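The next block holds one structure in the form of structure tokens; read it before the comments.
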Amino acid sequence: MDRFHPYPMSRRGILKGSAAALGGALWPGEAGRAAPQNVNTHSRPSDLRITDLRIAHITKAPMNCPLLRIDTNQDVYGLGEVRDGASPTYALMLKSRLIGENPCEVDRLFRRVKQFGGHGRQGGGVSGVEMALWDLAGKVYNVPVYQMLGGKFRDRIRTYADTDMSPDPRVYAQRLKERMDQGYTWLKMDLGVGLVEKTPGTITRPAGLSEREQIFTPHPFAGMEITDKGIALMADFVAQVRDAVGMEIPLAADHFGHIGVNSCIRLGRALERFNLAWLEDMIPWSYMELWKQITDSINLPTLTGEDIYLKEDFLKLSSSHAIRKIHPDLATTGGILETKKIGDLAQEYRVPMAMHFAGSPVSCMASVHCAAATQNFLALENHSFDVSWWDDLVNGVKKPIVDRGYIPVPEAPGLGVTLNEDVVKQHLLPGTNYFAPTPEWDKERSWDRLWS
Ligand SMILES: [Mg+2]
């Protein structure tokens, strides 16, 4: 045989080898009857039906996090979580569309309910349900979720620490340095114009804006720009942080404030020498042509995505290179498989994926399985490093959940966590109960077809 022949084995040899590797299970003619015998199930998957959907709404984790449980007719349940800060209604309104369905048909049910999600917190219900369906499917077939996504690229997930801002750069630098000492290998700082606005001559803006107007007016319409003096002070702030943590560790920046596009560009250029990992959400994610202007004007990576529902807008951002990195929150995107698709689509355009996350360990593990199974993943956010009881909410995974900056990928079936009922009950939102019955959502009906 030609030594440059691309197939040194004969075709028949390959088939034989494959069959041997698989214990003969795929030898022609045998696949149909061998496969069901070899599937190790903890249930009767084809007879499995959804019977209920309930909520346990925890608070101060540090966010409000509505945990979600989908029950079945076979004493196996799935756990999910509505996006932090979102109303449980976004999930409960899906209950009547799910009762009686087989939860293992994850993608079919996702496509049935996805029209009831939207950007931001509105994506929380569909995403939470999707997590719970994967948890159920994994438990029923006795495999971890990452395996059902195609297997893992890594055994542990790099996390990055959200760190409370201080207006004193020395205090803030010290807090970030402590994260490094705890083992974190990726940092993020808040770098808002609020850090400098009390110094005269730093911000130009119309007087008399109420606090509400400042928060809810999208960036270009707030009429606020930063001066050269303000930019110099913010750069000095970052310089002091870099002095403390060094230039080697990736350091991202977020929460700049509602400044205009030109200010974003001027500030971004002034920060180039600090080699930041990314500049996050400088303007709303949907202003893609303005993002493109910013991205093309500065030599630092830009990033957005934590409020985007479904893959289509990530595809636009990635294919146009309006941003350099994407940042989906799996509890808004539509869930685990949609986020894996988002990562894979972005990778086609050479765009890497960091992941936003600010919930309980349930949603955290959904993110971990997805991060394990998505090649272009960089790092997963976490807002709960300083919540002492956060780990105690669940059992079934290694503790501490975040170990020296990494989360080991669970090997137990499904998401890999069970709830610690006592601890969850201690942190319920006042006025709510632990997975109380929800019969009021059994009959929700409408003519839901999106076309005629
Ligand atoms: Mg953010």
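The values are calculated or read from the model by the stated rules, or taken from the named source; none is laboratory data. What you are looking at is a predicted structure, and each value in this text was computed from that prediction instead of being measured. Cβ atoms come from the backbone with ideal geometry, glycine included; neighbour counts cover every protein chain shown.
For the list (1) surrounded by fewer than 24 Cβ atoms within 10 Å (Cβ to Cβ); (2) in contact (Cβ under 8 Å) with a residue 12 or more places away in the chain, I need the number of the one condition that GLU312 fails.
Failing condition for GLU312: (2).
(1) touching a Lys or Arg at 6+ places or on another chain (Cβ under 9 Å); (2) of a type outside the set (A, V, I, L, M); (3) within 16 Å of the ligand (Cβ to nearest atom): which one isn't true of CYS264, the others all being true?
(1)
Pick out, from region 205-294, the helices (runs of 4 or more DSSP H) lying fully within it that include 1 or more residues that are surrounded by fewer than 16 Cβ atoms within 10 Å (Cβ to Cβ) and modelled with pLDDT under 95.
211-216
Of the residues THR438, THR374, only one is of a type in the set (Val, Ile, Thr), in contact with a Gly (Cβ under 8 Å, 6 or more places away or on another chain) and at pLDDT 95 or above; which?
On inspection, the qualifying residue turns out to be THR374.
Restricting to region 357-389, what's the tally of residues that are more than 16 Å from the ligand (Cβ to nearest atom), part of a loop (DSSP other than H, G, I, E, B) and surrounded by fewer than 24 Cβ atoms within 10 Å (Cβ to Cβ)?
6
Might you let me know whether region 278-286 holds any residue that is aromatic (Phe, Trp, Tyr) and farther than 21 Å from ILE326 by Cβ?
No: zero hits.
Identify the residue in region 295-309 that is of a type in the set (S, T, N, Q) and within 16 Å of the ligand (Cβ to nearest atom) and, among all such residues, is surrounded by the fewest Cβ atoms within 10 Å (Cβ to Cβ).
THR302
Select, from ALA91, ALA86, the only residue that is assigned to a loop (DSSP other than H, G, I, E, B) and of a type in the set (A, V, I, L, M).
Step by step, each of ALA91, ALA86 is checked, and only ALA86 is assigned to a loop (DSSP other than H, G, I, E, B) and of a type in the set (A, V, I, L, M).
Condition first: surrounded by fewer than 23 Cβ atoms within 10 Å (Cβ to Cβ) and under 17 Å from the mean Cα position of the chain (by Cα). Now tell me which residues in region 85-109 satisfy that.
GLY85
Being in contact with a strand residue (DSSP E or B) (Cβ under 8 Å, 6 or more places away or on another chain) and more than 16 Å from ASP168 (Cα to Cα) is the filter; apply it to region 230-252 and report the residue that is nearest to the ligand (Cβ to nearest atom).
ALA252
Please verify whether THR217 is touching a strand residue (DSSP E or B) at 6+ places or on another chain (Cβ under 9 Å) and β-branched (Val, Ile, Thr), treating the condition exactly as stated.
Considered against the rule, which asks whether it is touching a strand residue (DSSP E or B) at 6+ places or on another chain (Cβ under 9 Å) and β-branched (Val, Ile, Thr), THR217 comes out as no.
Is it true that HIS119 is surrounded by 14 or more Cβ atoms within 10 Å (Cβ to Cβ) and either over 19 Å from HIS255 (Cα atoms) or not assigned by TED's automatic domain parsing to the domain that holds ALA379 (or both)?
yes
Check region 317-338 and report whether any residue there is at pLDDT below 95, within 16 Å of the ligand (Cβ to nearest atom), surrounded by 19 or more Cβ atoms within 10 Å (Cβ to Cβ) and in a loop (DSSP other than H, G, I, E, B).
No, because not a single residue in region 317-338 is at pLDDT below 95, within 16 Å of the ligand (Cβ to nearest atom), surrounded by 19 or more Cβ atoms within 10 Å (Cβ to Cβ) and in a loop (DSSP other than H, G, I, E, B).
I'd like the full set of residues that are in contact (Cβ under 8 Å) with a residue 40 or more places away in the chain and not aliphatic (A, V, I, L, M), limited to region 368-385.
Scanning region 368-385 gives HIS369, CYS370, THR374, GLN375, PHE377, GLU381, ASN382, HIS383, SER384, PHE385.
Over 18 Å from HIS255 (Cβ atoms), of a type in the set (A, V, I, L, M) and in contact (Cβ under 8 Å) with a residue 40 or more places away in the chain, is that true of LEU330?
Considered against the rule, which asks whether it is over 18 Å from HIS255 (Cβ atoms), of a type in the set (A, V, I, L, M) and in contact (Cβ under 8 Å) with a residue 40 or more places away in the chain, LEU330 comes out as yes.
Anything in region 416-452 that is surrounded by 14 or more Cβ atoms within 10 Å (Cβ to Cβ), out of contact with any Pro (no Cβ under 8 Å at 6 or more places or on another chain), touching a residue at least 60 places away in the same chain (Cβ under 8 Å) and among the hydrophobic types (A, V, I, L, M, F, W, C)? List them, or say none.
The answer is LEU419, VAL424, LEU428, LEU429, PHE435, TRP441.
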